[in-house]
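Heads up, the thing below is written out as structure tokens.
The values are calculated or read from the model by the stated rules, or taken from the named source; none is laboratory data. Keep in mind that this is a model prediction, so the values were computed, not measured. Using ideal geometry, Cβ is built from the backbone for each residue, glycine included, and neighbour counts are taken over all protein chains shown. These accessible areas exclude ligands, DNA and RNA; they are computed on the full protein's heavy atoms, side chains included. Shrake-Rupley method; radii C 1.70, N 1.55, O 1.52, S 1.80 Å.
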Amino acid sequence: MDAKTGSKPNTTNSAVIRWVKDVAALCQPDEIVWCNGSEKEKKLFTEQAIAAGVLIELNQKKLPGCYYHRSKPNDVARTEQATFICTETAHEAGATNNWMSPREMHNKLRGFCTGAMRGRTMYIVPYLMGPAGSPMSKVGVEITDSIYVVLSMRIMTRMGQVAFDHLGNNEDFNRGLHCMLDVDPERRYIAHFPQENAIISVGSNYGGNALLGKKCLALRIGSYLAQRECWLAEHMLILGVESPTGEKTFVTGAFPSGCGKTNFSMLIPPPHFAGWKVTTVGDDIAWMKPGSDGRLHAINPEAGYFGVAPGTSEQTNPNAMATMSCDTIYTNVALTPDLDVWWEGKTESTPKELIDWKGQRWTPDSKEKAAHANSRFAAPMKNNPALAREADDPQGVPISAIIFGGRRATTMPLVYQAFNWIHGVYVGATMTSETTAAATGAVGQVRRDPMAMLPFCGYNMGHYFQHWLRMRSHIPILPRIFHVNWFRKDESGKYLWPGYGENMRVLKWIAERCRGHAQAWEAPLGWVPSADDFDLDGMKNFDRTRLAKAQAIDTEEWRREVLSQDGLFLKLYADLPKELTFQRELLVSRL
Ligand code: GTP
Ligand code: SPV
Ligand code: MN
């Protein structure tokens with residue numbers, strides 16, 4: 001190891017230097033490396049990661065600059081049961097979060113972290129969340145003993161000197177400490193201290209648990225700060241859609257993990273939509289603040305995509321395929337004999353032989369999947385052919401529509417529009433979705449996931465709903481709110497809606513609703529597209545009859561749906577805004 005590389009502090013910020021010193025005294029690393037984000041540093045870290053067996057070099061002819069990481073089989077997804085919000089009182093964290101007092105958690109984790117980096121290198125990773133020069137951007141510093149985390153943060157955030165430059169001598173930065181320990185679920189904690197703007201994560205090396213800028217800072221700590229500072233930190237993609245006449249509309253979409261954000265954010269319109277264009281601002285997180293023009297403005301705090309590999313193909317998402325064609329870290333996918341990557345759904349025919357995500361020989365007869373269901377790619381957004389011009393704009397983009405959506409085999413229609421903001425907040429608050437492989441635990445179970453934030457809200461969910469309602473008075477030109485479901489199934493278990501690029505049809509209706517062009521009918525749930533204003537031209541195997549099925553509102557199903565909201569409403573009872581109870585009553589009367 002070249003101890004000289006970046007091993008001197010590359011900042012004069014005394015708060016940073018003091019904190020690093022304290023953490024070093026606790027963790028007792030052999031060596032401290034300050035990261036500056038340079039190409040030279042990347043090359044060195046990559047070589048070291050390969051030498052340590054953390055990364056495998058992929059076929060550089062097919063995948064230049066791409067590497068492969070295999071995680072421990074017990075560390076493949078977010079662990080929600082190990083994720084804690086540590087506020088002074090349990091009430092501040094609320095009934096939907098795991099809570100421990102800051103003092104108790106600090107004591108526990110101090111024990112785990114003492115000497116945890118003996119014989120190891122401690123990396124100081126400064127990173128900027130959001131475009132350089134944006135008043136909405138925030139700085140974090142992650143201290144980690146994982147070189148995989150360092151290289152991933154380099155892709156996912158604006159990492160290095162740019163962050164220290166943005167911070168200057170300010171003491172206001174997020175302090176994140178990450179210790180791998182022995183990657184044991186028994187000693188795994190992802191602890192958030194919103195009141196200290198701090199995170200401590202131990203015992204996992206998995207994306208959402210260990211790349212602290214993403215879910216930990218941008219969403220859990222972010223949502224806490226947003227409530228105090230009058231903005232919104234949301235689990236949302238951001239896209240721009242441009243009509244043939246050049247009208248540009250920006251929308252955000254909150255879908256739970258594994259429910260289509262990355263795909264929707266970079267969709268390619270079907271041939272019928274000549275002249276329509278979709279560009280990506282972000283694929284996972286939106287920070288939104290009222291702008292001086294009276295509109296809600298959104299930035300993407302990230303600089304890369306940490307996307308689900310399975311199901312991604314040249315047919316479903318060509319832009320994602322192009323994005324991960326170089327300079328990408330793949331985790332837990334399968335390998336071909338010539339060191340190319342593969343996963344279920346990548347190609348129509350299955351390779352004859354592979355090495356699976358656990359490192360075992362795999363053939364099509366094998367019982368288990370070759371790639372883990374939550375295998376991922378970490379790729380720079382700069383690679384995305386559909387990257388929006390505005391992705392680096394410090395002012396963000398003005399949002400015209402907010403879309404909520406879940407993965408539901410029944411009940412939820414393809415699309416409807418909320419009657420107004422308060423109704424829209426109710427629609428978001430009562431979102432449901434089937435669980436996916438993105439978090440450990442059962443897959444396919446319907447659960448309430450308010451605004452796709454159940455695992456990511458850093459404070460009391462009831463207060464979070466109040467904050468959403470309150471934002472109404474701070475945004476003179478409010479975005480319209482919609483709900484979608486790409487995943488409804490027919491009697492034979494097949495998806496009713498073809499999804500992916502065809503989602504453009506729904507997006508077009510949404511964009512035109514925002515501009516007052518498209519017609520809608522008043523249905524019990526909200527506004528739904530009139531037959532004339534929902535474009536089905538050029539669709540194969542889909543017609544008005546199938547659309548009617550995808551849009552059907554079944555009163556019996558909805559009776560059960562409304563009743564099942566009791567669970568959430570009772571859980572949050574003490575803090576639930578009365579507006580949501582009234583909205584529920586109104587829905588019942590319309591049904
Ligand atoms: P996270 O990164 O975990 O937050 O997930 P995400 O919301 O970005 O979901 P993503 O776009 O990665 O999609 C998850 C899975 O759903 C993938 O296997 C996709 O192929 C599949 N998917 C995405 N969009 C659609 C769609 O419109 N229809 C269908 N049937 N499947 C979809
Ligand atoms: C998600 O689970 O929503 C993800 C992956 O985007 S992770 O960053 O690991 O949380
Ligand atoms: Mn995603």
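Summary of computed values
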quantity	calculated
Residue ID - farthest from Trp509 (Cα to Cα), chosen from residues in the stretch 248-266 that are surrounded by fewer than 24 Cβ atoms within 10 Å (Cβ to Cβ) and more than 16 Å from ligand 2 (Cβ to nearest atom)	Lys248
Counted residues, the stretch 137-153 - those being within 18 Å of Asp30 (Cα to Cα) and in a loop (DSSP other than H, G, I, E, B)	2
One residue from Thr245, Thr336, Thr280, Thr316 being open to solvent by less than 10 Å² (accessible area, probe 1.4 Å) and of a type in the set (Ser, Thr, Tyr)	Thr280
From the options Val149, Val183, residue that is open to solvent by less than 20 Å² (accessible area, probe 1.4 Å), in contact (Cβ under 8 Å) with a residue 40 or more places away in the chain, farther than 30 Å from His474 by Cα and touching a helix residue (DSSP H, G or I) at 6+ places or on another chain (Cβ under 6 Å)	Val149
Matching residues in the stretch 461-499 - criterion: being open to solvent by less than 50 Å² (accessible area, probe 1.4 Å) and within 16 Å of ligand 1 (Cβ to nearest atom)	Phe482, His483, Val484, Asn485, Trp486, Phe487, Arg488, Asp490, Gly493, Leu496, Trp497, Gly499
Condition met for Arg376 (among the basic types (Lys, Arg), touching a residue at least 40 places away in the same chain (Cβ under 8 Å) and within 16 Å of ligand 3 (Cβ to nearest atom))	yes
Pro351 being in contact with a His (Cβ under 6 Å, 6 or more places away or on another chain) and open to solvent by 10 Å² or more (accessible area, probe 1.4 Å)	no
Residue match in the stretch 28-49 (condition: touching a Gly at 6+ places or on another chain (Cβ under 9 Å), open to solvent by 30 Å² or more (accessible area, probe 1.4 Å), closer than 27 Å to Ala373 by Cα and not assigned by TED's automatic domain parsing to the domain that holds Ile329)	no
Scope the stretch 550-591; condition aromatic (Phe, Trp, Tyr), open to solvent by less than 60 Å² (accessible area, probe 1.4 Å) and farther than 21 Å from Asn485 by Cβ; matching residues	Phe569
Qualifying residues in the stretch 302-313 (those that are open to solvent by less than 10 Å² (accessible area, probe 1.4 Å) and more than 13 Å from ligand 2 (Cβ to nearest atom)) - the one farthest from Trp421 (Cα to Cα)	Ser313
Residue in the stretch 532-552 that is over 24 Å from Val446 (Cα atoms) and of a type in the set (A, V, I, L, M) present	yes
Yes/no for Lys8 being touching a helix residue (DSSP H, G or I) at 6+ places or on another chain (Cβ under 9 Å) and either open to solvent by 40 Å² or more (accessible area, probe 1.4 Å) or assigned to a loop (DSSP other than H, G, I, E, B) (or both)	no
Residue that is farthest from Ile238 (Cα to Cα) [pool: residues in the stretch 500-511 that are of a type outside the set (Val, Ile, Thr) and within 10 Å of ligand 1 (Cβ to nearest atom)]	Glu502
Exclusive hit being free of Cβ contacts under 8 Å to residues at least 12 places away in the same chain and either within 13 Å of ligand 1 (Cβ to nearest atom) or more than 18 Å from His483 (Cβ to Cβ) (or both), set Gly246, Gly275	Gly246
Only listed residue being surrounded by fewer than 20 Cβ atoms within 10 Å (Cβ to Cβ) and under 30 Å from Met324 (Cβ atoms), chosen from Lys61, Lys21	Lys61
Per-region count, the stretch 375-410, residues surrounded by 19 or more Cβ atoms within 10 Å (Cβ to Cβ) and out of contact with any strand residue (DSSP E or B) (no Cβ under 7 Å at 6 or more places or on another chain)	2
Only listed residue being surrounded by fewer than 16 Cβ atoms within 10 Å (Cβ to Cβ) and outside any helix (DSSP H, G or I), chosen from Arg110, Arg175, Arg118, Arg103	Arg118
Output for the stretch 534-549, where each listed residue is surrounded by 14 or more Cβ atoms within 10 Å (Cβ to Cβ) and either out of contact with any Phe, Trp or Tyr (no Cβ under 6 Å at 6 or more places or on another chain) or polar (S, T, N, Q) (or both)	Asp535, Leu536, Met539, Phe542, Arg546, Leu547, Lys549
Some residue of the stretch 201-219 being more than 16 Å from ligand 2 (Cβ to nearest atom) and of a type outside the set (Gly, Ala, Ser)	yes
